[in-house]
Every structure is written in C-alpha cells, then in structure tokens.
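Okay, so here's the structure we're looking at.
The values are calculated or read from the model by the stated rules, or taken from the named source; none is laboratory data. None of these values were measured; they are calculated from a predicted model. We place every Cβ from the backbone using ideal geometry, glycine too, and count neighbours over all the protein chains shown.
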Amino acid sequence: MEEAFKINQKSSKLRNDSAVQGTNDSSVLSKISAAQLGYCKDDYLAHFASKKARRSPLVNRGYYIRAKLIDYVIKEFLHQVSEGHSQIINLGAGFDSTFFRLKDLSLLANTFFIEIDFPDVINRKINLIKNNPILNEFCSDLETVKEINGNKVYQSLKSNLLLIGIDLRNSELLEAILKSIPQFNENLPTFLLSEVVMTYMSVKSCNGLIKWISETFTNCVLTVYEQINPFDPFGEVMCSHFNKLGSPLRCILKYPFEDDQKKRYKNEGFSDVFSIKASEFYQYCTSDKEKKRIDDIELFDEYEPWHLKCSHYILLSATKGNFCSEFIRNLYTNSKPKIDTNKHLNLIKFDSSHINYKPYPIKFGSRFGHSLCSLGSKLFIYGGFGELATDPFCKHLRLASVEEFNLEQMNLNVLELPVNSLGDRIFQDCTTTGENSMVVTLGRSNPSKMFESIVRVNYLENNIQTESINIKIPRFRHAVCSIPNSGLFIYGGKYYDETTNTSRILNDAYVLDESNNLKKVFVDENIITARHSMCINLWNNFLIVSGGLDENENPLSDLILISIETYEYRKISLNKVGGANFEQNPPGICFVDLKKFVAYEFDVPNENRLMLVCHQSHLIDKNNLLIVGGGAVCFTFGTHLNKQPSILDISKCWSEISQN
Ligand SMILES: C[S@@+](CC[C@H](N)C(=O)[O-])C[C@H]1O[C@@H](n2cnc3c(N)ncnc32)[C@H](O)[C@@H]1O
C-alpha cells in the first residue's frame, strides 16, 4: 500500500515536472512571435523552434513588456560591472536567447554566463545549438565537462558559457557542481535571473533556493519576474489556467502581493528588495514615442485586459552587498513616478467597508463592451462580447441582440428587431433620446471594421422601428450624450486608418440634431486632450467628460466641463474614476461634489469576482447602483464575464460624504 502511494507520488511529480518544462516550449513560441513582429529585437530565438506561431496582439504585448523589464535590469548590471569580471546565472533558462543577444552586442566580454534548467531541457538546448551553424558559431567548443547522476554539465571556454542540467530544487548538488568549475567565483558581482521559473516550485523548495543564493553569493542581485495578485477575477482566471496546464503557480497564494514578496526575500537573507509592477514600468518608464511604436505594430483594442495583465506581474530585485544594492536602488527609485494626484481637487479616499455588494437575483447582460440605456423602468442592453442569458451552451461571441429588462416586474425579454438592423457592435455607445426612443451610435465589429452609422430605435410596446443613418464619422470607444432640444453630442474615440494600418485617438466633437444634421463643434485642445473609453454625462447646463485613456494609454484623471450653450471648456483635475488603471486595487466609485470641488473615492469590495471593466452601471435610486456586465479576455488565460448583475449599496457612502 505504502509502496503504491510512493509510486503514485513519484509519477505525479514526474507529470508535474514535465508540464513545467512544457511552459518553456510555449514561452519560446510567444517570444518569437513578439520578436518577429518587431516588438523587441531578437535575432536568435527563432533558431530554437522548428515552427512559428503568431500570437494575439495582447500576448505579444505581454512578452514585449517582459523582455523590456528584464533588459532594463540586466543591461544596467552589465553597465555597472563593465570594468571588472562578473557572472550571470539564468535559473530555469529554458530556450531563452539572452546569452546570444548580449554576446552579439559585445556586452559579455568579462562575464561568465551560466544557464541552468532540468537535464532534458538543457540536453535539447545543446542539440539545437550544435545543429545550428549560427548558434554554434558562438560556442563551437561546447562540450560535456562533467556528468553526475545524469546531470550533465556543458562548457564553452571560448565564450565563457556553462550549461547545467539539474533540478534547481537540489541546491546541494548545484553548489557542488558550481564549486568544481574553476571559472566560478561566488564573490564576483553576480546577476541571477528567474524569469517566470521559481513560481512553479513549491514554497519550501523555492525558499530553500532563495536562501541558498543569499547565503552563497556575497555581492549579488537576484531578479525575478512573476505573477502576483491571485484573488481578483483576472488573478483567478490566471491561476486556474496554470492549474489546468498541470503547472500551477505554487507560491502565489502564500505571497499574493508585492509587499508579501518583498518581505519573503528579506526573510530569506537578502539585505534589500526592490520591485516594480509591469504596469508601472509601462506607464512611467516607457516613452510616448515607444508607446506609439508599439501601438502601430498591429491592430490593438484590448486596453483593459492589457492594463489588468500588467498589474498582475512584477519585476523584483533582491540584493546583497553594497555594490549591487546601490545601483539597483537607484534604478528602481528612478523608475517610480513623483506625481501629486491631489493637486487641484481635494480627494478623500475610503476603504471598501462603505459599499455593500449584493448579487442581483436575475441573470442578464453577461457581456462586456456593450451599452445600456433606460426608458422609464426598462433597461436596454445592447451589443458587446459575451453570452446570451438564453443560450444553454454559453457560447462566447459578439452580440447583436438587445435585452430588455424591466426593473419593476423583474423580467427579461430579448427584443425581436428587424434582422441586421443594429449589427454586432462592440464599444459603441447608446443613449435615450425621448420617452420611447433611443439611439445606438457607431462602434466596431472587429477592430478594423468600424461602423459609421447610428441607428434610431423607436420603441412602442410590440412595435419596434429602427432607422439607420450614415453619419460618416466612423469610430469606436467614443462617448455620446443626449442634450435636450439640441440633439446628440458625440465626442472622441478611436479610429483605424486602413490605408496606413495605424490607429488614431480622436479629439473632435459633433452635435447631431433630430433631423440628422451633423455639425462639428469647436474643441479647445489646450484644455481637452484626445481620448477614448471615457464617459459623458449631463449636469445642469454642462456636459461632463470623465476618465478615458489618452493617445499614450495614460488613464486620464481630469473632469472636463463643457457648456451646452457656448461650448466653452473647463478642466478640473482629479484622481482616476472607475474603469481600469495601472494600480493593484482598481479604481473604486468616485463621487465628485462639483460645487465644493471635493472628490470622495470608495474602494469596491474585492471578494465578489466582480470585474469592473467594460461594464455599464445604472443608478436605480440614490442608494443602489446596478452593475450590468463587465469582464475581459484575460491574456491567454481565458475570459472572465461577470455572470450576473450586481447591486452596490452605496448608502453608507452618502452618510460619510454628508459628514465631511
Ligand atoms: C516559463 S519557462 C521560462 C523559461 C525562460 N526563463 C524564459 O523566460 O524564456 C520555465 C522554465 O523553468 C524551468 N524550471 C522550472 N522548475 C525548474 C526546476 N525545479 N529546475 C530546473 N528548471 C526548472 C522549466 O524547465 C522551464 O524551462
């Protein structure tokens, strides 16, 4: 019995190890995809795979930011040690090509480069190198210099390269092998890299390895790139994806957040620990020119999942010894922003205890990128991507249907509209235009296929009429607001130019009257910058534009007041409101008192698997905010849809506001 248990345990360990090794095959293909499209420069990776795969733009961006972050630290290390001897140890190197890239740039003249991975992975890598003339040219003298219990060690003296096939959990044997190599010196400045590697090891083995590093090297920096933040819906989808692959993220639940990780490395003996989220790096350390270059590589319209993805990965460097600690401290300190978010408007922040979450008893609107408007007690939900409440197979697709939900009777009805009258639009906007009428505007189907029409919908019980009008201002992620007695105000958004294959963020505004005459309205570009994915609401005689992303993908933190009489513009700066930004805690609900110029932001409870991006909301009454839909395609990990509407009870927020 005990024997059978041991055999089972052993075979499950082998299965797990081979699934973990499989992560290398998938990441090398993704890295090649990003390099071939020009996201990053790498002339050597393609030699490590016999096939090519073109990954989605979101995946390419994910590998782009990963390569940028690692380059950022490794190149700084090489710059700092350029005068003297040093070592780089790539832990779980897989088929990574960093050695070849850096050698090609003549950056490794005095550096001993060591790669470590499971024996099978290293043996495969050696075969690929030896059979490829370009790779072999770098290290033609590569030969087996040692073999202990199947753990082979290969060395090229000519190029200062060592490859060790060993399980990293066996640090005793690793130490013995390293100490037997004459070129190895634990007192040299040493850069150790774990690029999505240690997270696949158990907490115990991983901490053992971290401790071994901190005790062995006197002057080192251990740089780790891996996942954090497992508890929100994106994090859950991410973890479940790795579980399904058989290579679970085994440390993430014990060290879920950036601060937990930092404490961990200190506990295991490092003197200083620094970290930055991929999202912060993209926002603050990537120039506008570089962002534009990235945006022009391929059609991209997945901003919300991109920001979410980046807030789930960190780069962390743990250091020992004055030399490494000092330059790493400078590097990380310079990469953090020094911004004063409270500059113009008094912002008061509150935790999530003021908002109560209640699931809505009826399921409808499992979609994102849709629009919502209300006629009396009825809500109309149209378009976007998701699944129909009536579809037993829960198929994910762009939705051309309109759901009508009666808030009083609590019943759901899918409207029978004339065939193809609206199309399968996503990132369109709709608004109510009268007691029985609404209008659906613009939007897109796929990111290169924009709609240039609006559809007016007249709704009398059992008689729905639609009229489509081509207004010839194609765009998506724009915003629309109905101005009584004037017509529709249409502003901003994103435009894809088929002739140049590039996209533009728009800053133009129009008023469309009831007879469908379109008039361009002056936009004061000194006050309002081009943007998309914002909201517009009417307040007294002002249109209020809030939030959105600018052309460099920065979440905008201003409120623009536009007079509906004169179209004069006024800007108020405040912190981010709603949607996705680059923070670990997504923005909460922000109340802005436009008379007192005070903003109150309340965090939304995180426990309810509610993803507050690409959703719609409707204030049922003063205390109850209904959230309909929302979600995102989470990188390659899967799709999260808020399955059912929810109510956020905001009564306590009002009490808090009245006391301030
Ligand atoms: C996601 S891949 C990353 C490969 C490489 N670092 C990169 O970024 O391209 C993870 C790598 O870690 C290696 N790995 C994971 N656990 C390991 C262990 N206990 N010993 C040796 N290698 C390990 C796997 O074999 C695989 O090559």
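Brief remarks on what is shown
- Options LEU399, LEU442, LEU379: the member that is out of contact with any Leu (no Cβ under 9 Å at 6 or more places or on another chain) and either crowded, with 20+ Cβ neighbours inside 10 Å or modelled with pLDDT under 90 (or both): LEU442
- Some residue of segment 225-236 being over 24 Å from PHE368 (Cβ atoms) and either crowded, with 20+ Cβ neighbours inside 10 Å or in the same structural domain as ARG169 (by TED's automatic domain parsing) (or both): yes
- Residue-level analysis places ILE181 among those that are more than 30 Å from LEU249 (Cα to Cα) and in contact with a strand residue (DSSP E or B) (Cβ under 7 Å, 6 or more places away or on another chain).
- Of all residues assigned to segment 260-279, none qualifies as being of a type in the set (Asp, Glu) and modelled with pLDDT under 95.
- Taking the criterion of being within 35 Å of the chain's Cα centre (by Cα) and surrounded by fewer than 17 Cβ atoms within 10 Å (Cβ to Cβ), the only residue of segment 124-140 that qualifies is LEU128.
- Which listed residue, of SER421, SER366, SER401, SER371, is closer than 19 Å to SER453 by Cα, touching a Gly at 6+ places or on another chain (Cβ under 8 Å), in the same structural domain as TYR496 (by TED's automatic domain parsing) and hydroxyl-bearing (Ser, Thr, Tyr): SER371
- Among all residues of segment 211-221, there is at least one that is assigned to a helix (DSSP H, G or I) and among the hydrophobic types (A, V, I, L, M, F, W, C).
- Candidates TYR255, TYR225 - the one that is within 16 Å of the ligand (Cβ to nearest atom) and of a type in the set (Ser, Thr, Tyr): TYR225
- Pairing residues of segment 85-105 that are within 21 Å of LEU157 (Cβ to Cβ) with residues that are away from the ligand (no atom under 14 Å from the Cβ) and of a type in the set (A, V, I, L, M), at Cβ distances under 6 Å and at least 6 apart in sequence or on separate chains, gives HIS85/LEU188; SER86/LEU188; GLN87/LEU188; LEU102/LEU108.
- Selection over segment 147-206 of residues that are assigned to a loop (DSSP other than H, G, I, E, B) and of a type in the set (Lys, Arg) gives a count of 2.
- Taken together, the residues in segment 386-425 that are among the hydroxyl-bearing types (Ser, Thr, Tyr) and closer than 13 Å to SER366 by Cα amount to 2.
- Just one of (1) basic (Lys, Arg); (2) in contact (Cβ under 8 Å) with a residue 60 or more places away in the chain; (3) in contact with a strand residue (DSSP E or B) (Cβ under 7 Å, 6 or more places away or on another chain); (4) surrounded by fewer than 18 Cβ atoms within 10 Å (Cβ to Cβ) fails for LYS291. It is (3).
- Taken over segment 475-486, residues that are surrounded by fewer than 23 Cβ atoms within 10 Å (Cβ to Cβ) and touching a Ser or Thr at 6+ places or on another chain (Cβ under 9 Å) amount to 2.
- Filter result for LEU209 (farther than 17 Å from ARG264 by Cα, assigned by TED's automatic domain parsing to the domain that holds ILE252 and either modelled with pLDDT of 95 or more or touching a Ser or Thr at 6+ places or on another chain (Cβ under 8 Å) (or both)): no
- Residues being of a type outside the set (A, V, I, L, M, F, W, C) and touching a residue at least 60 places away in the same chain (Cβ under 8 Å) - total across segment 199-215: 3
- Of the residues making up segment 310-333, those that are crowded, with 18+ Cβ neighbours inside 10 Å and either free of Cβ contacts under 8 Å to residues at least 40 places away in the same chain or outside any helix (DSSP H, G or I) (or both) number 10.
- Qualifying residue in segment 185-200 (condition: in the same structural domain as GLN21 (by TED's automatic domain parsing), surrounded by fewer than 18 Cβ atoms within 10 Å (Cβ to Cβ), more than 17 Å from CYS324 (Cβ to Cβ) and hydrophobic (A, V, I, L, M, F, W, C)): no
- Test result for SER194, in contact with a Gly (Cβ under 7 Å, 6 or more places away or on another chain), within 15 Å of the ligand (Cβ to nearest atom), of a type in the set (Ser, Thr, Tyr) and under 23 Å from LYS31 (Cα atoms): yes
- Scanning segment 34-56 for residues that are surrounded by 20 or more Cβ atoms within 10 Å (Cβ to Cβ) and assigned to a helix (DSSP H, G or I) yields ALA34, ALA35, LEU45, PHE48.
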